[in-house]
Amino acid sequence: MPALTAVMVMLLPAASLVEAAESLPAEKAGSIGPPTGRIAFVREKDIWIMNADGQNQDKICAAGNADGRPSWSPDGEEIMFTRSGTVDLKGPDFMGGMHKVYDLFVASLDSAYANKEYWWLRVTDDLGSRDPDWVSTDQVIFYKDVNANLANAEIPNYQLCTVAPDGGSFQVLRKDWANPGGLYLINPTMNAKGDIVCEYFERGGEGSGQKGTFNRVGLVLMPAGQYMMPFDSIAAIAKRNAGLVAPGWSPDGKWLAFVNNNMDDGGLYIGTPDLKQKYLVTSAPVGTYINPMRPSFSPDSKWITFSTQDGSIWIVDITGNGTRRLTGPGMDSAPAWSKQ
């Protein structure tokens, strides 16, 4: 049967349960000015951009099947994003079924401004690559199902990978990728030093009562040069950070933003890279849920943008003040702040 895909875990509304969580003190936050830069986002499966105040909303790529959070190039002139499709396999003896496939693409703002909304470049062609984080001029990190193009694959095999923006220099970061054993790393983000924060993701096994299910366990920090950390160590770290998902580095490397999926203290948080200090930024707005997708910092690392399940995009400063809905409710998701 074809490869299965990861299932997003919804964050239950928990506004009344997170009041005791500590916010970042003003003295640790430093001076906070007004938000600047631009925000890319997905609207009805196309790529849009807007100013940090929500003004000047423009469609820049009519992809029609954008899926997941986009990421800006360092110079702010291009946006990399995921497009998804489907494979419908009908094999002998009713074997098969439908599953999603993914690849990475790049859209140029210059083309959009020249009224070429249907122009883009393909970066990968393996049907398994998704959710890019554009780290530098020559490196993008993402995760890939290396089984995606196998018609008879029974389970996915997710691996952390890097690639150049032009599709060259592809690399799988762990050398044990051929023997996943139902243990995976997904949704990576990398800072300028090469440190990676990602989610540990596991498949329910025999006797667990969860065979065939897939669970987002928690966050793991892998310092540069330690990507081959043993899986038992990775699992232990993730379980200490249970329920924390969707990590995003601040541009200054000082903070991680993430979504806490635990019911008793859920919300949008920031923390130190080792996650020993965690601060609540905002709980779920009343009547909706925070999407468990990577939050994104402003260029000065003082503001964060995130989306909610009602199709809205929001911004808030790192102390939890200045909360503002920029779009929606509607069909908007996956905001990503420009790097300048």
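Nothing in this text is a laboratory measurement; each read-out follows from the coordinates by a stated rule. All figures in this text were calculated on a predicted structure; none of them were measured in a lab. All Cβ positions, glycine included, derive from the backbone under ideal geometry; neighbour counts span all protein chains shown.
Treat the count of other C-beta atoms within 10 Å as a stand-in for reagent exposure and order 38, 174 from fewest to most.
The order, fewest Cβ neighbours first, is 174, 38.
What FRET efficiency comes out for residue 193 versus residue 340 if R0 is 25 angstrom and r is the Cβ-Cβ distance? Round to the nearest 0.05.
Between residue 193 and residue 340 the formula returns 0.80.
Remind me, what semi-axes does the chain give for its equivalent ellipsoid, largest first in whole Å, using sqrt of 5 times each Cα gyration tensor eigenvalue?
29, 25, 19
Take residue 36 and residue 58, extend 7 Å from each Cα along the Cα→Cβ direction, and tell me the distance between the two endpoints in nm.
Reported label-point gap for residue 36 and residue 58 is 1.9 nm.
Note down the nm distance, to one decimal, between modelled labels 7 Å out along Cα→Cβ at residue 154 and at residue 77.
5.0 nm
Along segment 164-173, what does the Karplus equation 6.51 cos²θ - 1.76 cosθ + 1.60 (θ = phi - 60°) give for ³J(HN,Hα), rounded to whole Hz, x for Gly and Pro?
So the J values, rounded to whole Hz, are 6, x, 8, x, x, 6, 5, 8, 8, 6.
Could you pull out every residue, at least 5 positions away or on a different chain, whose amide H is within less than 5 Å of the one on residue 61? Hs are placed 1.01 Å off N in the peptide plane, and Pro or chain starts have none.
Those qualifying (amide H under 5 Å, at least 5 residues apart or on another chain) are 47.
Put a dot 7 Å past each Cα toward the Cβ at residue 224 and residue 118; how far apart are the dots in nm?
About 4.4 nm, to one decimal.
Along the Cα-to-Cβ line of residue 175, 7 Å from the Cα, sits a label point; which residues in segment 222-236 have backbone N less than 16 Å from it?
225-231, by backbone N distance to the label point.
Quick one: Karplus J couplings for segment 188-195, per residue in order, coefficients 6.51, -1.76, 1.60, θ = phi - 60°, nearest Hz, x for Gly and Pro?
Running phi through 6.51 cos²θ - 1.76 cosθ + 1.60 with θ = phi - 60° gives x, 9, 10, 8, 5, 7, x, 6 Hz.
Each residue of segment 319-334 in order: what ³J(HN,Hα) in whole Hz does its phi give by Karplus 6.51 cos²θ - 1.76 cosθ + 1.60, θ = phi - 60°, with x for Gly and Pro?
Using θ = phi - 60°, the values come out as 8, x, 9, x, 4, 8, 7, 8, 9, x, x, x, 10, 9, 7, 6 Hz.
For 27, 199, what's the fewest-to-most ordering of other Cβ within 10 Å of each Cβ?
Ordered by Cβ neighbours within 10 Å, fewest first: 27, 199.
So what is the relative contact order of the chain, in percent, for Cα pairs below 8 Å that sit 6 or more residues apart?
Relative CO of the chain lands at 19 percent.
Quick check: net charge around residue 126, other residues with Cβ under 12 Å of its Cβ, Lys/Arg +1 and Asp/Glu -1?
Charge balance in the 12 Å sphere: 0.
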